[in-house]
There are 2 protein chains.
Amino acid sequence: MIEHQLDVQAPSHQYPIYIGSHIINQFDLYAPHIGQKTFIVTNPTIAAHYLTPLQQMLSEHQIEHTAILLSDGEQYKNHDSLNQIYDALLTHHADRKSTIIALGGGVIGDTAGFAAATYQRGIAFVQVPTTLLSQVDSSVGGKTAINHTLGKNMIGAFYQPKAVIADLNTLNTLPERELSAGMAEVIKYALLGDAAFLQWLEQHMAALMAKDATLLAQAVYHCCQMKADIVAQDEKEQGVRALLNLGHTFGHAIETEMGYGTWLHGEAVSAGMVLAAKLSQQLGCLNAEDVQRVEHLLTQAHLPIAPPKFAYPKWLAHMSHDKKVQNGQMRFVTLTKLGKAVISQIDNTDLLQRSLQDYLA
Amino acid sequence: MIEHQLDVQAPSHQYPIYIGSHIINQFDLYAPHIGQKTFIVTNPTIAAHYLTPLQQMLSEHQIEHTAILLSDGEQYKNHDSLNQIYDALLTHHADRKSTIIALGGGVIGDTAGFAAATYQRGIAFVQVPTTLLSQVDSSVGGKTAINHTLGKNMIGAFYQPKAVIADLNTLNTLPERELSAGMAEVIKYALLGDAAFLQWLEQHMAALMAKDATLLAQAVYHCCQMKADIVAQDEKEQGVRALLNLGHTFGHAIETEMGYGTWLHGEAVSAGMVLAAKLSQQLGCLNAEDVQRVEHLLTQAHLPIAPPKFAYPKWLAHMSHDKKVQNGQMRFVTLTKLGKAVISQIDNTDLLQRSLQDYLA
């Protein structure tokens with residue numbers, strides 16, 4: 001049953017997000033967006049739960065389908081996995097009318113989306129996010145990418161899906177660690193742009209972590225709505241969209257330093273948001289109580305609030321690859337208050353070092 | 001001196017093509033389109049002629065520059081070269097305001113353009129085509145790509161440059177074989193859409209092959225104008241733009257079968273255009289005299305008119321990967337008369353086999 005439908009009005013392309021329960025095999029949601037030949041990109045963990053029913057649905061409607069199973073984990077969001085998709089597409093004679101169905105979390109969506117963006121200069125794809133993180137964030141808005149050993153998400157494209165089909169029921173099979181990781185992105189939306197939603201989350205975090213279906217649906221819908229609004233304003237991250245990177249500059253440094261997959265992306269973003277809050281405190285915008293409030297909410301979601309310790313030059317080196325760097329200047333998303341984010345260029349690296357001081361090796 | 005300026009009115013982005021002599025180091029043509037940090041992608045052959053002056057020009061204007069030298073040849077239009085560019089960009093901290101300058105022929109332009117399309121989800125690039133082929137065709141219109149072992153240009157993006165700077169003087173250092181290869185694309189424009197231009201080429205081919213500067217400038221300008229018109233109508237090859245692939249379905253099969261770089265792209269397109277003419281004859285649209293006229297003009301440009309011999313199933317296998325295939329149906333660009341091309345779906349493979357019959361192993 002579809003509980004919510006949103007439309008993303010991106011300048012390059014408009015498309016629907018369907019949010020509901022037991023909609024993952026609802027053919028009429030797919031039908032307008034797919035060709036005669038489909039390629040389901042997923043991983044073995046997700047496939048065990050959802051692949052066979054999806055294949056049956058496609059077969060029943062005489063749609064050809066080929067499954068492409070990538071290894072599971074952020075460390076596989078790389079060129080080898082991308083090439084595995086290209087090889088399968090070419091071997092099975094995918095053409096420009098073929099469609100990729102990205103069935104899984106952020107790694108699957110980002111990799112499959114980038115394959116769709118670049119195979120024969122672009123074919124259609126449908127996002128079927130099966131994790132909280134991908135439902136609230138990565139499946140919406142057309143950011144596709146793979147990692148490079150020197151930096152996360154360094155190779156990619158802005159390329160919108162034809163549709164997003166978010167089945168809340170898939171969250172029932174989600175491991176708790178991944179639920180937490182997704183909750184980091186939910187909390188991010190509240191911190192960057194919605195103080196009332198922050199209060200709502202503080203009030204309901206225990207129930208959300210207990211997978212209360214009604215509350216989860218509300219949270220997913222609210223985050224998608226915020227994301228859709230931001231993407232409509234700024235599809236290609238020339239301005240306001242960069243605010244969605246709250247915690248991500250620090251978070252990407254953690255992921256790159258620790259090796260992709262050691263920390264989940266959402267965990268790194270969680271510690272990264274604490275660091276962004278501390279930097280905002282250094283800038284005189286937040287007080288100690290605000291920072292504690294951020295830490296408390298993240299802790300309620302069973303998320304780490306302290307990054308791993310490593311040396312300051314390593315932080316600097318990783319963060320100098322950040323995509324917000326412009327003409328060599330580092331830029332961070334900081335908070336002017338809880339619920340309001342801005343982009344700050346940080347020329348004074350003392351401030352930055354002080355924000356990190358408790359965590360330097 | 002700029003002799004001609006054209007504007008490409010692509011839906012996604014509008015940009016100038018400058019055509020002239022001794023304009024490769026004219027800074028005011030670059031200035032509006034580049035950031036503080038530039039990356040010149042080229043190869044050792046081109047670098048020997050044009051890299052140092054370009055670097056001097058950039059240095060004089062306090063623009064940072066890094067040269068990235070790819071190996072020379074179609075066989076290097078692949079993921080390894082692409083990754084060489086990514087590595088250099090990351091190592092030298094390229095950011096979203098950095099600019100790639102593609103200095104060279106089609107291989108350089110396609111590979112560097114695809115790197116620009118995908119590095120950090122897209123950075124600016126300027127095309128500086130130094131071959132006839134790239135000046136009349138590949139540098140204009142935003143098709144970027146690399147080859148895959150299973151098919152040519154299979155991985156790529158539609159991504160427009162910020163400007164094209166075509167210096168006709170660079171043709172003076174162009175080897176004759178490459179001049180011929182470029183002339184194949186010039187002849188292509190005449191065959192697909194301009195019977196008067198075909199007559200003009202027949203009249204002037206000897207002088208063009210002798211590098212008559214005035215005539216070459218006219219030919220380059222005319223082809224760029226035709227290309228700009230087509231790209232303005234159909235940036236992403238949903239319709240009319242596919243006509244620019246005249247001879248390319250057969251040509252790509254030749255390149256893939258022989259190994260990239262054995263035949264130059266323009267040589268393969270030349271033999272491919274003869275095959276397209278023969279297919280058009282099979283379809284009852286051209287007569288034997290028309291086909292001979294095509295062969296004669298290509299021969300005048302010192303181009304091959306017969307493909308290498310290989311077995312029919314191999315032709316079919318290579319052509320089934322063509323990007324014009326839709327829902328499994330092969331589609332070819334054919335001629336209704338000399339100067340007028342259409343897309344034809346070929347269901348009757350007997351016709352196809354008969355077009356190839358003289359060249360089957």
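The values are calculated or read from the model by the stated rules, or taken from the named source; none is laboratory data. Please read all numbers here as calculations on a predicted model, not as lab measurements. Here the Cβ positions follow ideal geometry from the backbone for every residue, glycine too, while neighbour counts run over all protein chains shown.
Only a single item in (1) at pLDDT 95 or above; (2) on the phi > 0 side of the Ramachandran plot is not met by A:GLY141, and it is number (1).
Among the residues of region A:149-162, those identified as in contact (Cβ under 8 Å) with a residue 40 or more places away in the chain and either over 23 Å from A:LEU54 (Cα atoms) or crowded, with 21+ Cβ neighbours inside 10 Å (or both) are A:LEU150, A:GLY151, A:LYS152, A:ASN153, A:MET154, A:ILE155, A:GLY156, A:ALA157, A:PHE158, A:TYR159, A:GLN160, A:PRO161. Small (Gly, Ala, Ser) and either closer than 17 Å to B:ALA115 by Cα or facing another protein chain (nearest Cβ under 9 Å) (or both), is that true of A:ALA115? So A:ALA115 fits the description; yes.
The rows are residues; the columns are (1) within 14 Å of chain A (Cβ to nearest Cβ); (2) basic (Lys, Arg); (3) crowded, with 18+ Cβ neighbours inside 10 Å; (4) closer than 18 Å to B:ALA253 by Cα.
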{"site": "B:TYR312", "(1), (2), (3), (4)": "no, no, no, yes"}
{"site": "B:ALA317", "(1), (2), (3), (4)": "yes, no, no, yes"}
{"site": "B:HIS321", "(1), (2), (3), (4)": "yes, no, yes, yes"}
{"site": "B:VAL325", "(1), (2), (3), (4)": "yes, no, yes, yes"}
{"site": "B:GLY328", "(1), (2), (3), (4)": "yes, no, no, yes"}
{"site": "B:VAL333", "(1), (2), (3), (4)": "no, no, yes, yes"}
{"site": "B:ILE346", "(1), (2), (3), (4)": "no, no, yes, yes"}
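Quick check on region B:76-83. Is at least one of its residues touching an Asp or Glu at 6+ places or on another chain (Cβ under 9 Å) and either crowded, with 24+ Cβ neighbours inside 10 Å or assigned to a strand (DSSP E or B) (or both)? Full working, then the answer.
Let us first name the residues in region B:76-83 that are touching an Asp or Glu at 6+ places or on another chain (Cβ under 9 Å), namely B:77.
Okay, now just the ones that are also either crowded, with 24+ Cβ neighbours inside 10 Å or assigned to a strand (DSSP E or B) (or both), so B:77.
Yes - at least one qualifying residue is present in region B:76-83.
Once region B:10-56 is narrowed to residues that are assigned to a helix (DSSP H, G or I) and among the small types (Gly, Ala, Ser), the residue that is nearest to the other protein chains (Cβ to nearest Cβ) is B:ALA31. Please verify whether A:ALA306 is under 20 Å from the mean Cα position of the chain (by Cα), outside the structural domain of A:ILE155 (by TED's automatic domain parsing) and within 18 Å of A:VAL269 (Cα to Cα), treating the condition exactly as stated. Considered against the rule, which asks whether it is under 20 Å from the mean Cα position of the chain (by Cα), outside the structural domain of A:ILE155 (by TED's automatic domain parsing) and within 18 Å of A:VAL269 (Cα to Cα), A:ALA306 comes out as no. B:THR66 passes every criterion in (1) outside any helix (DSSP H, G or I); (2) modelled with pLDDT of 95 or more; (3) more than 24 Å from A:VAL325 (Cα to Cα) apart from (3). Checked against (1) within 23 Å of B:GLU255 (Cα to Cα); (2) modelled with pLDDT under 95; (3) at the interface with another protein chain (Cβ under 8 Å from one of its Cβ atoms), B:GLN75 passes all but condition (3). For region B:164-189, a residue qualifies if it is small (Gly, Ala, Ser) and either part of a loop (DSSP other than H, G, I, E, B) or within 19 Å of B:MET226 (Cβ to Cβ) (or both), and the qualifying residues are B:ALA166, B:ALA181, B:GLY182, B:ALA184.
Within region B:243-250, does at least one residue satisfy the condition of being part of a loop (DSSP other than H, G, I, E, B), in contact with a Lys or Arg (Cβ under 9 Å, 6 or more places away or on another chain) and touching a residue at least 60 places away in the same chain (Cβ under 8 Å)? Yes, region B:243-250 contains at least one residue that is part of a loop (DSSP other than H, G, I, E, B), in contact with a Lys or Arg (Cβ under 9 Å, 6 or more places away or on another chain) and touching a residue at least 60 places away in the same chain (Cβ under 8 Å).
Among the residues of region B:98-112, which ones are within 13 Å of chain A (Cβ to nearest Cβ) and either in a strand (DSSP E or B) or modelled with pLDDT under 95 (or both)? If the condition is that a residue be within 13 Å of chain A (Cβ to nearest Cβ) and either in a strand (DSSP E or B) or modelled with pLDDT under 95 (or both), then B:THR99 is the only one that fits. For the criterion of being surrounded by fewer than 19 Cβ atoms within 10 Å (Cβ to Cβ) and outside any helix (DSSP H, G or I), A:ASP7 passes. Those residues that are under 15 Å from the mean Cα position of the chain (by Cα), within 14 Å of chain B (Cβ to nearest Cβ) and part of a loop (DSSP other than H, G, I, E, B), I need them from region A:134-163; list them, please. Of everything in region A:134-163, those that are under 15 Å from the mean Cα position of the chain (by Cα), within 14 Å of chain B (Cβ to nearest Cβ) and part of a loop (DSSP other than H, G, I, E, B) turn out to be A:GLY141, A:GLY142, A:TYR159, A:GLN160.
Restricting attention to region B:95-110 and to residues that are under 18 Å from B:GLY182 (Cβ atoms) and more than 12 Å from the chain's Cα centre (by Cα), the residue that is surrounded by the most Cβ atoms within 10 Å (Cβ to Cβ) turns out to be B:ALA102. Among the conditions (1) within 14 Å of chain A (Cβ to nearest Cβ); (2) aliphatic (A, V, I, L, M); (3) within 20 Å of the chain's Cα centre (by Cα), B:ILE123 misses just one, which is (3). Every condition in (1) within 20 Å of B:GLU235 (Cβ to Cβ); (2) in a helix (DSSP H, G or I); (3) within 14 Å of the chain's Cα centre (by Cα) holds for B:ALA116 except the one numbered (3).
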